[in-house]
Each structure stands twice: as structure tokens, then as C-alpha cells.
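First the structure, in the form of C-alpha cells, and then the observations on it.
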């Protein structure tokens with residue numbers, strides 16, 4: 001969910017730029033990776049931000065020198081641009097959001113009127129969004145949506161969920177667990193989630209930069225019957241393509257399928273399901289991608305109409321995230337040691353990356 005557990009944090013940073021910490025030996029396990037190309041990219045551990053220039057073989061700790069404890073929320077746009085925010089130790093009126101334009105060598109802080117950050121999404125170096133939790137209950141979540149048009153120097157609220165008895169006409173409901181959001185361009189974006197109801201797809205689209213939202217009902221793939229939908233934020237490929245991963249829970253089995261659009265989300269087409277409850281996916285185009293349940297790996301080159309099961313390897317177990325930058329080059333984060341794997345042949349074979 002976008003909702004985050006509160007984690008102990010100490011953000012004792014002065015306003016203005018400050019320098020990242022020096023390289024640290026014996027870095028702990030990687031929990032998230034975002035590669036920009038075959039060589040450069042970012043990663044997170046339980047409480048640090050890292051940067052690599054050699055494909056993940058070596059990492060530099062680029063966390064703010066007087067930073068946080070606990071994993072921050074972060075967004076990585078390019079090899080040099082990133083944003084991050086801590087998880088607060090207790091409710092607060094403001095939070096410090098940091099940004100870098102030089103691969104983490106220096107960071108600049110901006111104070112934002114929000115108690116926490118659930119997720120960031122940026123479409124370019126100046127235009128981005130973030131969510132902040134207001135309240136929640138079992139199966140429901142209230143959010144604020146804030147936008148920046150100056151690279152994160154300032155943020156302004158543009159929408160919030162319609163609370164029961166206090167609608168604000170955003171169109172985004174309080175009910176439903178929100179799993180994530182993504183923007184295709186400065187105006188078009190989607191919010192995905194889950195509601196425990198057969199054939200109910202929790203997908204909302206905005207065409208006005210996040211100010212208002214409308215639900216999009218997805219068709220059930222042929223032959224599935226009744227199914228609960230679990231959706232995650234789509235992978236976007238400007239100007240008009242996007243790929244949405246759906247977990248489909250039926251009375252007989254757990255399946256996963258893709259929904260693909262080539263017209264900016266006006267129409268979503270379901271494709272062939274795979275017999276697995278997918279926990280991670282990655283796409284380099286709207287046609288070429290991979291999905292895994294942590295042990296089995298499936299690949300497609302035709303937008304999910306056909307899937308090929310990759311050979312199982314001894315290291316490819318407990319996988320929690322996939323990240324590919326080309327049809328050949330990819331990485332996998334896993335529970336255990338090593339925590340990071342790398343492939344150079346599209347997922348057919350994997351080796352330890354660090």
C-alpha cells in the first residue's frame with residue numbers, strides 16, 4: 001500500500017545543500033534497485049541510499065551525511081536526479097524532502113506541509129507528485145496528493161480523497177487499499193489498488209494533472225470467471241503506452257495477467273495469464289517484460305500474449321524485485337545473501353552482482 005508504517009527517524013538537517021557520506025565498506029543488503037542504464041543506477045538498503053557506476057558491482061553510500069534511520073521514500077529519475085523523504089517517528093506538521101541533481105554528492109532540503117510521504121512520481125526534472133497519508137482503516141485509505149513544478153523546491157496540494165460525509169469532489173474514494181500511482185506525462189496518470197470484491201478493478205485515471213480522478217473498469221480475461229483484482233501502478237512508456245500488472249485470485253487458482261494500452265489508457269486489453277501469484281515485474285517497453293513469483297521467471301516479447309518460462313537457477317529464489325534496462329541486462333533483488341543478482345541474457349542465467 002501507499003500507506004507506510006511509521007519508522008523511527010531523526011532528520012537533523014540544516015536548510016540548504018549538504019554533502020553525502022563517504023563510501024562505506026561492508027554495505028548491508030540491498031532492498032531496492034533502480035538502474036538507469038547498464039552502468040549507472042541507485043539502490044536502497046534498510047536505511048541508506050546508494051549509487052553505482054559499474055553496474056552494481058560496487059556502491060557508494062550517498063545518503064545525506066546527517067540523514068535518517070529507517071528506509072526513506074525515494075524516487076530516481078536519472079543517473080543524477082533523485083528525491084527522498086524520511087518516514088517520521090511521530091506525527092508532524094512538516095517533513096523535510098531532499099533532492100539531488102549530482103548523483104547524491106550534494107543534497108538540498110525543502111520543508112513541506114505533510115506528515116509523511118507515501119510515494120513520489122516524476123515525469124521530468126521539474127514535474128512530480130507525492131502522496132501523503134491522512135488516515136486509514138481496514139481496506140480504506142485517505143490521501144493527499146501534492147504536486148511540484150519546480151523540481152521539488154515547493155509543493156502544493158492539488159487533491160485529496162473523498163472522505164465519507166466530507167466529499168471534496170476529487171473522485172478518488174476513501175475505500176480501497178491504494179498500492180501505487182504513476183504518471184505518463186504532466187497531465188495523465190493512474191492510481192491503482194485493491195478492493196476484496198469479485199471483478200472489481202481499482203484503477204482511477206486523471207487527465208488534469210491529478211486534480212480529479214475517474215474509475216476505469218477493466219474487462220476480466222476470457223475464461224477466468226469471477227476473480228478478485230489486485231493491481232499495482234502501471235509501467236508507463238510515453239507518449240501513449242502503459243502496462244498494468246494484475247493479480248487475479250479465483251476460486252480455483254492464483255493467476256497474474258497484463259493489461260496493455262496504446263492510446264493513453266482509453267482502452268486496456270487483457271493478455272494471457274501466467275499460473276503464478278506474481279510479486280515482481282519489470283518492463284523495458286510495452287512489449288518486452290518479465291514477471292516472477294519469487295522463484296519462477298516468465299518473459300514476454302509480445303506484450304503478454306505469450307510467456308516463456310526461464311530456466312530455474314540456484315540463486316534465483318526469494319526474489320522481491322526485478323529491474324531491467326534492456327532486453328538483455330537486468331537485476332534482481334532477493335532475500336538472503338547475495339541480495340543482488342545480475343543477468344546479461346534476459347534472465348536465462350543469473351550471477352551475484354555484489
>> Run the numbers for residue 94 and residue 163: contour at 0.36 nm per residue of separation, minus the present Cα-Cα distance, in nm.
In response: 22.6 nm
> Taking the Cα centre of each part, how many Å lie between the stretch 76-121 and the stretch 181-209?
Replying inline: 24
> Can you give the relative contact order of the chain as a percent, counting alpha carbon pairs under 8 Å and 6+ residues apart?
Replying inline: 10
> So between residue 295 and residue 317, what do we pick up on full extension, going 0.36 nm a residue minus the alpha carbon distance?
Replying inline: 7.5 nm
> Fewest first, what order do 207, 312, 287 take by the number of other Cβ atoms within 10 Å?
Replying inline: 312, 207, 287
> Most mobile of 176, 139, 41 per a Gaussian network model of the chain (Cα springs, under 10 Å)?
Replying inline: 139
> Counting other C-beta atoms within 10 Å, which of 160, 348 has the fewest, and how do the rest follow?
Replying inline: 348, 160
> How many nm is it between the label spots at residue 36 and residue 262, if each spot is 7 Å from the Cα in line with the beta carbon?
Replying inline: 3.2
>> Between residue 251 and residue 212, what is 0.36 nm times their sequence separation minus the Cα-Cα distance? Round to one decimal in nm.
In response: 10.5 nm
> For 283, 235, what's the fewest-to-most ordering of other Cβ within 10 Å of each Cβ?
Replying inline: 235, 283
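For an R0 of 35 angstrom, estimate the FRET efficiency from the Cβ-Cβ distance between residue 198 and residue 269 and round to the nearest 0.05. Intermediate values should be presented prior to the final figure.
Working: r = 21 Å, r/R0 = 0.60.
Efficiency, from the Cβ-Cβ distance: 0.95.
Each reported figure results from applying straightforward, stated rules to the coordinates on display, with no laboratory input. Nothing here was measured: the structure is a model prediction, and the numbers come from that model. Reconstructed Cβ throughout: ideal geometry from the backbone, glycine too, with neighbour counts over all protein chains shown.
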